[in-house]
1. Go through region 81-112 and give me each residue that's closer than 25 Å to G68 by Cβ and hydroxyl-bearing (S, T, Y).
2. Whether any residue in region 105-114 is open to solvent by 40 Å² or more (accessible area, probe 1.4 Å), modelled with pLDDT of 50 or more, within 30 Å of K182 (Cα to Cα) and not in a helix (DSSP H, G or I) is what I want to check.
3. Evaluate region 253-261: report whether one residue or more is open to solvent by 30 Å² or more (accessible area, probe 1.4 Å), assigned to a helix (DSSP H, G or I), of a type outside the set (F, W, Y) and within 24 Å of L74 (Cα to Cα).
4. Could you say which residue among L240, L223, L197 is over 25 Å from G99 (Cα atoms), open to solvent by 50 Å² or more (accessible area, probe 1.4 Å) and part of a helix (DSSP H, G or I)?
5. So, of the residues in region 169-178 that are closer than 17 Å to Q248 by Cβ and either in contact with an Asp or Glu (Cβ under 6 Å, 6 or more places away or on another chain) or part of a helix (DSSP H, G or I) (or both), which turns out to be most open to solvent (accessible area, probe 1.4 Å)?
6. Inspect all residues belonging to region 139-156 and state whether any of them is within 15 Å of the chain's Cα centre (by Cα) and either open to solvent by 30 Å² or more (accessible area, probe 1.4 Å) or within 22 Å of S75 (Cβ to Cβ) (or both).
Amino acid sequence: MRETSNPVFRSLPKQGGYAQFGTGFGQATAGATQQMSQGHPGLQSPQTEYQREVSRPLTIDDVVTKTGMTLGVLSIAAVVSFFLVSANQALAAPLTFIGAFGGLALVMVAMFTRRQDSKALVLSYAVLEGLFLGAISFVLTAVTVGTSNAGSMIGQAVMGTFGVFGGMLVVYKTGAIRVTPKFTRMIVGALFGVLALMIGNLVLSLFGVGGGDGLGLRSGGTLSIIFSLVCIGIAAFSFLIDFDAADQLIRAGAPEKAAWGIALGLTVTLVWLYLEILRLLSYFQSD
């Protein structure tokens, strides 16, 4: 499998391991089942039934279902968080902090323990990230922009996010842009460059550089607009690599539970894309 720019996908087991799970284990099970049926026609082993169930290969329907469930839970948590903050703005900071760092912690756990295919972990991430998105969405609209129609702006960001997602899916399916090792290296390099700029901007702003704006990447000026556009572009092209990684897992005969890992990886990119689009809209609205 090609390396992906998404850290969640990068920690998924490689194609060979999944292929062995789907072939070697399946062949051994089939052999044992054949021997049992020869001696006892009609006899089915409960253990064999369980093994056949857990070794069911991954399908695109699994990916769509698990991703939809993850985004559904995230959306519900985000709506609840948004209305909680709108009723009591003092909750904005704690919900943002708990959601952001809690979600980040779960992603790190998934990466380093290779448990990204855990349903409980993925849905827990969705809840925490939803709390973060609801709170930060209120801050970027109702507080920063000062608009009374925050829902309209959030709706535009959501539509923009899924518009980019759908557009890149079409690009991938039609082969308009091929996912090659060189393309992947370029996106990964750009991703690390953007991450370094974000960290540097945060550190400098904490020390009061630029009047607390650091490098000015989030100050709302022309540089901020350019930076958000670059981030949106990188996130969009990252989808192509993520789609390819998911496609390779399906072709490799990965187990059905791998869909949760794919759902987590796609959700991470979708959240980043949504935030950048919302920030960009807030820059234009505040002018």
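1. Matches in region 81-112: S81 only.
2. yes
3. Kept after step one, since they are open to solvent by 30 Å² or more (accessible area, probe 1.4 Å), are these residues of region 253-261: 256-257.
Checking which are assigned to a helix (DSSP H, G or I) leaves us with none.
The answer is no, given that none of the residues of region 253-261 is open to solvent by 30 Å² or more (accessible area, probe 1.4 Å), assigned to a helix (DSSP H, G or I), of a type outside the set (F, W, Y) and within 24 Å of L74 (Cα to Cα).
4. Details: L240 fails: open to solvent by 50 Å² or more (accessible area, probe 1.4 Å); L197 fails: over 25 Å from G99 (Cα atoms).
None of the other options fit; the residue is L223.
5. K173
6. First, the residues of region 139-156 that are within 15 Å of the chain's Cα centre (by Cα): none.
No, that holds for no residue.
The values are calculated or read from the model by the stated rules, or taken from the named source; none is laboratory data. A quick note: this is a predicted structure, and the numbers were derived from the prediction, not measured. Cβ sites come from the backbone with ideal geometry, for glycine too, and all protein chains shown count toward neighbours. The protein model used for the area step is the full one, side chains on, heavy atoms only, and it has no ligands, DNA or RNA in it. Shrake-Rupley method; radii C 1.70, N 1.55, O 1.52, S 1.80 Å.
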